Amino acid sequence: MALSVSTVLALGVLPGPAMASGQSSAVQTAASYTSVPVAAARTLDRNPSHLDVFVNKSYPLKPAKYVPKTSKVPGTGIRLRPEATNAYNKMVKDAKKSGVHIKLISGYRSYDRQAQLFNQYTRMYGKKYAERISARPGTSEHQTGLAADVGNSNGACALQSCFENTPVGKWTKKNAHKYGFILRYPKGQEAVTGYAYEPWHFRYVGTSLAKSYTNSGAKTLEHFHGVAATKKSPPKSGKGTATTTANLNMRTGVGTSNRVVLTIPRGKTIKLTGSKKSGWYQVSYNSKSGWVSGTYLSNVSLPKTSKPKTETKKKPAPEKNTGSAKKTTANLNMRTGAGTSNRVILTIPKGKSVKATGKSTSGWLQVTYKSKTGWVSGTYVANTSAPKKSKPKAESTPKKKSSTKQTTANLNMRTGNSTKKKIILTIPKGKKVEVTGSKKSGWYPVKYKSKTGWVSGTYLR
Ligand SMILES: [Zn+2]
């Protein structure tokens, strides 16, 4: 359809998520401890004045109304950060030599401008669609002054997916990274980037990052950094998979002192068995199984059925090594929360003793050091005191005779051992149930989802 100039310009303003790479601060020494490439230890740079600042729906700009220093791109009324302007000019010049004429459609957009746009799209298309094509204010890469929407000088396919087949679309896809620009919202990656395919949206990250990003083969900047696009994508789907965010060694056991079985390339999907220890996950890949550090996994989704019901029941007495002594195996950032997106409180030197509070999540431990409490990656912490796990559990809860069986069909749980009895619920096929007593006339007393009742033994194995 024929879009008016103002509509096209408005469309041009599509905000986008962002990319970034950042060498902020975390764990610089990781490489020497895990034999994962240094790049893997990269943490997200969220400083909006840095060229590699990472911005997306889940990682908004801080401060939200950040205003970068920008200058007008010559021959346009559009502004970009000077570094991006220089790179853009160079790119335009080189493209021209090949007979390709790039036009800048949109660059820097302020918070207020973005708010205006987002509201406009919402009015036009509804919120759901607006979210796919534009950013909420404070979450747009355009607000960094480092994102450029490009088009053909004749206006062909401006801000439409057919742009990918135009001369500028093809040329930039192939060459933009040489100038420090990367295609930020690639095709088929909406679930990760949070945005529909935008073959025209390029983010300036500098040539060195653009190069390592391109060489990494990562599909998106989110993959590259090992972050999920939206905080809502819950790692709870129970699929039992994860994605590697670095070339990652699979080892025979938990910890870098174990033998390397093989190295899993970055960006691969691996299977999780459900076992997890001190921030390491048991995985299988290429028909081998072993352990990998959880620090270099994203989209971690543990298999749902991994925990036999009996375990969750027995409230493991605060087994936690409450206040147990640990030692850092690297210079280690203590953060306000579990994950590298949290603020660094202080850096604990290598070899220092820290106290684990007993809290842990996704491979991170809460520790106390120098009267500060915060979170550190469990990968760089070793035990100094004998871990006194499991023992107390076993003693306090004598092993039940219970066993676990699996349903081989959708199976009715009934109030008694006969089909005449009332159905309590239907247990889906393939679920684990706890057998709580002895069999009676071919029926078993079982527990499932905290309900107890009887099921026919015909459909258990
Ligand atoms: Zn854009």
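The string of couplings for region 250-262 from the Karplus curve (6.51, -1.76, 1.60, θ = phi - 60°) is 9, 10, 6, x, 7, x, 6, 7, 7, 5, 7, 7, 6 Hz, one whole number per residue in order, with x for Gly and Pro.
Keeping the other protein chains in place, figure out the carbon and sulfur percent of the accessible area of region 403-459, with a 1.4 Å probe. List each step's numbers first, then the result.
Working: 1480 of 3260 Å².
Looking at region 403-459 in its full context, I get 45 percent from C and S.
Summing charges over neighbours of residue 252, with a neighbour being any other residue whose Cβ is under 14 Å away from its Cβ, gives +4 when K and R count +1 and D and E count -1.
Taking every pair of distinct Cα atoms and averaging 1/r, then inverting, what Kirkwood hydrodynamic radius in Å comes out for region 403-459?
On the way: mean 1/r = 0.0932 Å⁻¹.
Final number for the Kirkwood radius of region 403-459 is 10.7 Å.
Heavy-atom accessible surface of region 35-193, averaged per residue, reaches 45 Å², computed with a 1.4 Å probe.
Taking every DSSP beta bridge that has both residues in region 403-459, what percent is antiparallel when rounded to the nearest 5?
Taking every DSSP beta bridge within region 403-459, about 100 percent pair in antiparallel fashion.
Averaged over residues, the count of other Cβ atoms within 10 Å places the peptides 405-417, 156-168 in the sequence 156-168, 405-417, highest first.
Put a dot 7 Å past the Cα of residue 451, heading toward its Cβ, do the same for residue 355, and the two dots end up 4.7 nm apart.
For region 403-459, the solvent-accessible area of protein heavy atoms averages 57 Å² per residue (probe radius 1.4 Å; ligands and nucleic acids excluded). Within the accessible surface of region 241-306, defined with a 1.4 Å probe on protein heavy atoms only, the carbon and sulfur portion equals 42 percent. Overall, the accessible surface of region 120-220 at a probe of 1.4 angstrom is composed of carbon and sulfur to the extent of 52 percent.
When each of the peptides 256-263, 349-356 is scored by how many other beta carbons lie within 10 Å of its residues on average, the order from highest to lowest is 349-356, 256-263.
The values are calculated or read from the model by the stated rules, or taken from the named source; none is laboratory data. This structure is a prediction, so every number in the text was calculated from the model and none was measured. Every residue, glycine among them, receives a Cβ derived from its backbone with ideal geometry; neighbour counts consider all protein chains shown. The area values use the complete protein model at the heavy-atom level, side chains included, leaving out ligands, DNA and RNA. Shrake-Rupley method; radii C 1.70, N 1.55, O 1.52, S 1.80 Å.
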